[in-house]
1. Would you confirm, using the coordinates I've provided, whether residue 190 is within 28 Å of the chain's Cα centre (by Cα) and touching a residue at least 12 places away in the same chain (Cβ under 8 Å)?
2. Given the stretch 58-176, what strands (runs of 3 or more DSSP E) lie entirely inside it while holding 3 or more residues that are buried (at least 18 other Cβ atoms within 10 Å of the Cβ)?
3. Is it fair to say residue 47 is out of contact with any helix residue (DSSP H, G or I) (no Cβ under 8 Å at 6 or more places or on another chain), farther than 30 Å from residue 225 by Cβ and modelled with pLDDT under 95?
4. Any idea how many residues of the stretch 70-86 are without any contact (Cβ under 8 Å) to a residue 40 or more places away in the chain and under 11 Å from residue 257 (Cβ atoms)?
5. Identify all residues within the stretch 207-227 that are at negative phi and touching a residue at least 24 places away in the same chain (Cβ under 8 Å); write none if there are none.
6. Restricting attention to the stretch 195-243, which residues are over 22 Å from residue 108 (Cβ atoms) and crowded, with 22+ Cβ neighbours inside 10 Å?
7. So, in the stretch 276-289, exactly how many residues are within 14 Å of residue 66 (Cβ to Cβ) and either modelled with pLDDT under 95 or in contact with a strand residue (DSSP E or B) (Cβ under 7 Å, 6 or more places away or on another chain) (or both)?
8. Quick check on the stretch 53-61. Is at least one of its residues touching a helix residue (DSSP H, G or I) at 6+ places or on another chain (Cβ under 7 Å), farther than 14 Å from residue 308 by Cα and modelled with pLDDT of 95 or more?
C-alpha cells in the first residue's frame, strides 16, 4: 500500500514536469456560453393591437436572443396587423400577420398558428405547411371576405426557419449586409405568374398587379378570391432554413407598410448604425416605422427586430484543471 502511494506521487511529479511547458503556453480556446438575460419592457400608447412591445431575452442553444417590436395603425381606419411571439420547447416562434378586409384572420393567426405548428407532425417544413393549411381552411369557412399574409420564424438549435405567404418580409443580416431575404408573393413574380397561368389564371394591372382582385398570390383566407380560380391563390407557405453563425447579428420582420417605401439594404444599414449607437431594439423598430411614415407609407406597419448575441469566454486547459485538482483547488 505504501509503495503504491509513493509510485502515485512520483508518477504525478513526472507528468507535471513534462507538461509544465504545455499548460503555461496553452492557447485559450473559445467556448460559447449563455449570458444571463435581462428583461426590458417598454409600452407604447399608439398601438391599436393590445400587445406590449418588449425587448425580451430568450436563450436558444448558444445564442442569446433579444427582440423589440413597434406597430402603428398609420393612416388606415383600422389596425389589421398582428404580432405574436411564444416559446416552443427550447425554440422560439415569431409571427407577423397583415390582415386585409378585416382583422379576424390575422388575429386567428396570431392566436393559433404556433399552436397548430406544435401539434403537427413531421419535419419543420411539414409542420408549417399543415399549420398554414389548417388556419386557411378555418378562415375561408368563417370569414370568406377576409384574408391575411403570414410570416413565421422558428428558431431552434441555432437554425432559423422561415415560412411565409404574401408580402410580409423577413431579412437576415450577415456581416453587416443582407444575408437572406424572403421573396414576396406578388402576382407578377416570375415563378408565381407562371404558376397562376398554369392554373388557368391571369394577372391584371389594377393600380398594382393583381390576381382575382388580390394584390398577393398567396394568402390565408380570401375564399371569395380563391373561388374564382382554384389553385391560383394558394396558402402553401414558401419555406427556407438558414444555419445561424456568429456572422449573423440580427433579423428584421415587417409588414409591407415598411417594405413599400424602404429596401432591404437600407433597412439593414439603418439597424447596423442604430445598434452601434447602442439604441434599444424597441426604439430601432420604432425608428424604422417612423422613417416609413415620413417617406409616405399609409399602411399599417409592424416591425420586429430580432438580435443574436454570440458571447465567448476563455476555456482553461485540461492540464491546468488537472494540476489544480492535484493541488486540491
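The values are calculated or read from the model by the stated rules, or taken from the named source; none is laboratory data. Keep in mind that this is a model prediction, so the values were computed, not measured. Virtual Cβ from ideal backbone geometry, glycine too; neighbours counted across all protein chains shown.
1. On the way: within 28 Å of the chain's Cα centre (by Cα): yes; touching a residue at least 12 places away in the same chain (Cβ under 8 Å): no.
So residue 190 does not fit the description; no.
2. 63-72, 81-88, 91-100, 150-156, 159-165, 169-174
3. Values: out of contact with any helix residue (DSSP H, G or I) (no Cβ under 8 Å at 6 or more places or on another chain): yes; farther than 30 Å from residue 225 by Cβ: no; modelled with pLDDT under 95: yes.
In short, no.
4. Within the stretch 70-86, residues that are without any contact (Cβ under 8 Å) to a residue 40 or more places away in the chain and under 11 Å from residue 257 (Cβ atoms) number 0.
5. In the first step, residues of the stretch 207-227 are kept if they are at negative phi; the result is 208-211, 214-220, 223-227.
211, 214, 215, 216, 217, 218, 219, 220, 223, 224, 225, 226 - these are the residues of the stretch 207-227 that are at negative phi and touching a residue at least 24 places away in the same chain (Cβ under 8 Å).
6. 196, 211, 232
7. 5
8. no
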